[in-house]
1. Exactly one of these conditions fails for residue B:53: (1) among the charged types (D, E, K, R); (2) more than 11 Å from every other protein chain (Cβ to nearest Cβ); (3) surrounded by fewer than 13 Cβ atoms within 10 Å (Cβ to Cβ); (4) within 27 Å of residue A:3 (Cα to Cα). Give me its number.
2. How about the stretch A:34-53: which of its residues are free of Cβ contacts under 8 Å to residues at least 40 places away in the same chain and of a type in the set (A, V, I, L, M, F, W, C)?
3. Could you please give the count of residues in the stretch B:77-92 that are within 14 Å of residue B:47 (Cβ to Cβ) and out of contact with any Pro (no Cβ under 9 Å at 6 or more places or on another chain)?
4. Evaluate the following for residue A:90: is it touching a His at 6+ places or on another chain (Cβ under 8 Å) and within 14 Å of chain B (Cβ to nearest Cβ)?
5. Considering only residues that are among the hydrophobic types (A, V, I, L, M, F, W, C) and not in a loop (DSSP other than H, G, I, E, B), which ones fall in the stretch A:88-107?
6. Scan the stretch B:9-27 for residues that are closer than 19 Å to residue B:69 by Cβ and touching a residue at least 60 places away in the same chain (Cβ under 8 Å) and report the count.
7. Residue by residue through the stretch B:6-36, note down the ones that are under 10 Å from the mean Cα position of the chain (by Cα) and within 9 Å of chain A (Cβ to nearest Cβ).
8. Of all residues in the stretch B:77-112, count the ones that are in contact (Cβ under 8 Å) with a residue 40 or more places away in the chain and within 14 Å of chain A (Cβ to nearest Cβ).
Amino acid sequence: GDSVTQMEGPVTLSEEAFLTINCTYTATGYPSLFWYVQYPGEGLQLLLKATKADDKGSNKGFEATYRKETTSFHLEKGSVQVSDSAVYFCALLNTGFQKLVFGTGTRLLVSP
Amino acid sequence: DAMVIQNPRYQVTQFGKPVTLSCSQTLNHNVMYWYQQKSSQAPKLLFHYYDKDFNNEADTPDNFQSRRPNTSFCFLDIRSPGLGDAAMYLCATSRETSGAAFFGQGTRLTVV
């Protein structure tokens, strides 16, 4: 079945450091890919998405490129802030099945 | 403006006492999901509605039921909550073609 694998956390960075959180997927067909962010005690917020190969999703300085050849969707940000501290979930949607499949989440901790 | 609203944000129930969590949406999305999220874990899909069609995950306990009386509302009923059902419950909606799911803020359920 479809699955998403994320790097384990926590990822600990200093403010203004470069961020990469790895995500790879296994899916039949051509899924859409997403990054969601969850702040403590809150629901998930959509951060960015990409619906086909080579698409780049971007939002709030975060970027991820849909790489079909490597089945990856790594999240990057050039300069993190303390306010970026949260848990980040990579997810895929295989529209034929109408449900999101999440990775296990990666906690990001940014210190001043 | 909240688009997916979950009530209440926090719910305390007694062991074995039925409890209902509610979700409403203003997005007119045809798909609604219920996820269970335990601490430091990925959200786990319990079931979803595609319009009025109910889709139960194979491993969702019978203790969990759902109702969707109309497009805007969806309820999660836990018939006899156990201590292991304490979790954050997340409602989400999506429009089939876009696939991006929008989440509510969640209801944190405590079982005493």
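The values are calculated or read from the model by the stated rules, or taken from the named source; none is laboratory data. The shown structure was predicted, so the numbers you read here are calculated from the model rather than taken from an experiment. With ideal geometry, Cβ positions are generated from the backbone for all residues, glycine too; neighbour counts draw on all protein chains shown.
1. (2)
2. A:46, A:48, A:50, A:53
3. Within the stretch B:77-92, residues that are within 14 Å of residue B:47 (Cβ to Cβ) and out of contact with any Pro (no Cβ under 9 Å at 6 or more places or on another chain) number 2.
4. Spelling it out, it is not the case that residue A:90 is touching a His at 6+ places or on another chain (Cβ under 8 Å) and within 14 Å of chain B (Cβ to nearest Cβ).
5. A:89, A:90, A:91, A:92, A:93, A:100, A:101, A:102
6. Keep residues of the stretch B:9-27 that are closer than 19 Å to residue B:69 by Cβ, which gives B:18-27.
Remaining after also requiring touching a residue at least 60 places away in the same chain (Cβ under 8 Å): B:18-19, B:21, B:23, B:25, B:27.
Here the count works out to 6.
7. Hits for the stretch B:6-36 are B:6, B:33, B:35.
8. Summing the residues that are in contact (Cβ under 8 Å) with a residue 40 or more places away in the chain and within 14 Å of chain A (Cβ to nearest Cβ) in the stretch B:77-112 gives 20.
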